[in-house]
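Working notes, structure below.
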Amino acid sequence: MNKVLIVGATYSDNFGDMLFAKIMADYLSDKCEFRYYLLSDYAQKFIGKPKIADFSISEAEALVYMPGGFFGDRHDTSLYTTYLWFKRYFPIGLKFAFLRKPMLILGVGAGPCKYGVMKRLIKYICKRANKVIVREDDSSDFLKTLGVDSMVTSDLAQTITDYELPNVQLNCTKKKKMLVHINQNKRAAEKVLPAVQQFYEKHREDYNIIVASDQVCPDDYAIYEKIKAFATEDAAFYKYGDPLELCSVIKQSDAVVTYKLHVGIVACSYGKSVIAIPEHYKKVERYYRHIGYSERVLPLYKANGESILNMLEEYAEVPIQIPAVIIDSAYKNFDELKKYIEALG
């Protein structure tokens with residue numbers, strides 16, 4: 001079997017990246033030998049160590065950049081964060097590009113990009129890839145400015161609805177559940193919590209408030225304590241440990257307030273109401289525009305308690321229904337991955 005190296009944010013415990021890593025592993029497990037370029041102990045445990053081959057990087061015959069936002073700047077772009085971004089994702093791609101080994105760039109986000117040298121590196125790698133596939137039109141438009149053609153699909157995480165999820169008991173008493181996801185972000189807490197409190201006080205007969213994080217946070221219980229101070233017995237807490245458990249919590253919720261991308265994507269995939277108050281707003285705005293719900297996004301830097309409360313009142317009971325064509329395009333990532341693996345011979 002071919003030896004395939006997968007490049008992505010598998011050095012962390014972040015929810016969205018862990019879902020990508022597991023979906024990729026489950027799909028490739030009977031199609032090739034594969035390993036990850038960087039792999040945390042957390043990721044190895046979640047994905048399942050027996051699935052992951054132990055060949056050396058030099059033995060890899062082909063490379064796949066797995067879905068994620070690896071070809072664009074962070075919201076807090078600086079020379080230092082750009083250096084970290086480069087170190088994690090680009091040296092191995094440059095090596096494969098230079099050696100002209102097979103590369104597939106699969107369902108990534110691309111752009112914007114501040115520094116010219118990084119744009120040239122992105123162009124160099126993409127031009128030497130067998131195929132470049134991005135997750136929405138904005139990414140494709142960015143690559144076009146670099147002279148790179150790409151295929152547009154949609155975010156692979158939307159296929160998570162195929163998974164059987166673990167049972168997570170939330171001990172909620174009310175029929176409706178609002179999930180609040182702001183991790184330990186102080187700016188988000190200052191803006192989101194007052195709005196959630198006002199909404200709850202108006203609708204306390206209907207709602208439980210659930211608190212959850214999408215990565216291992218040492219003090220995320222503090223957010224729960226703040227909500228419990230006003231929601232008392234109607235507050236519930238999920239301590240992040242397993243990404244599929246968090247999917248189960250999202251699936252049990254009716255409305256989701258989130259400041260990041262993939263908690264919102266999973267919630268949309270399960271047909272929940274989603275209010276996005278993103279810190280890294282550019283990539284989040286792109287996704288909701290892609291699925292036709294750009295009105296659900298209020299960037300954190302623009303938000304205040306009143307505007308968030310207005311969003312909650314308007315949309316908390318209006319679920320999102322992702323168009324079928326978008327879901328179908330998410331599955332096209334599998335079709336392209338299969339063709340790539342089969343072409344390796």
So which residues in the range 271-292 are assigned to a loop (DSSP other than H, G, I, E, B), surrounded by fewer than 20 Cβ atoms within 10 Å (Cβ to Cβ) and without any contact (Cβ under 8 Å) to a residue 60 or more places away in the chain, if there are any at all? G271, G292
Cβ pairs under 6 Å, 6+ apart or interchain, first in the range 316-333 and hydroxyl-bearing (S, T, Y), second surrounded by 15 or more Cβ atoms within 10 Å (Cβ to Cβ), ordered by first then second residue, are S329/T153; S329/S154
Those strands (runs of 3 or more DSSP E) completely within the range 40-148 that have 2 or more residues that are free of Cβ contacts under 8 Å to residues at least 12 places away in the same chain and crowded, with 18+ Cβ neighbours inside 10 Å are none
I'd like the residue in the range 183-201 that is among the hydrophobic types (A, V, I, L, M, F, W, C) and touching an Asp or Glu at 6+ places or on another chain (Cβ under 9 Å) and, out of all such residues, is nearest to Y259 (Cα to Cα). A188
Counting only residues that are charged (D, E, K, R) and more than 15 Å from the chain's Cα centre (by Cα), which one in the range 243-270 is nearest to I320 (Cα to Cα)? D254
When the residues of the range 104-154 are narrowed to those that are among the aromatic types (F, W, Y) and in contact with a helix residue (DSSP H, G or I) (Cβ under 7 Å, 6 or more places away or on another chain), which ends up nearest to M24 (Cα to Cα)? Y124
Closer than 25 Å to G107 by Cα and among the aliphatic types (A, V, I, L, M): is that true of I250 in this structure? yes
If only one of E136, E190 is not polar (S, T, N, Q) and not assigned by TED's automatic domain parsing to the domain that holds S253, which one is it? E136
Restrict the check to the range 244-265 and report whether at least one residue is of a type in the set (S, T, N, Q), touching a Cys at 6+ places or on another chain (Cβ under 7 Å) and modelled with pLDDT of 95 or more. no
Just the residues that are surrounded by fewer than 13 Cβ atoms within 10 Å (Cβ to Cβ) and charged (D, E, K, R), please, taken from the range 315-338. D328, D335
If we keep just the residues of the range 297-345 that are among the charged types (D, E, K, R) and more than 18 Å from I23 (Cα to Cα), which is nearest to the chain's Cα centre (by Cα)? K302
Looking at the structure I just gave you, is N310 over 26 Å from V257 (Cβ atoms) and modelled with pLDDT of 95 or more? no
How many residues are free of Cβ contacts under 8 Å to residues at least 40 places away in the same chain and either under 22 Å from I265 (Cβ atoms) or buried (at least 18 other Cβ atoms within 10 Å of the Cβ) (or both) when one looks only at the range 193-206? 3
If you go through the range 3-39 one residue at a time, how many are out of contact with any strand residue (DSSP E or B) (no Cβ under 6 Å at 6 or more places or on another chain) and part of a loop (DSSP other than H, G, I, E, B)? 9
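The values are calculated or read from the model by the stated rules, or taken from the named source; none is laboratory data. None of these values were measured; they are calculated from a predicted model. Cβ sites come from the backbone with ideal geometry, for glycine too, and all protein chains shown count toward neighbours.
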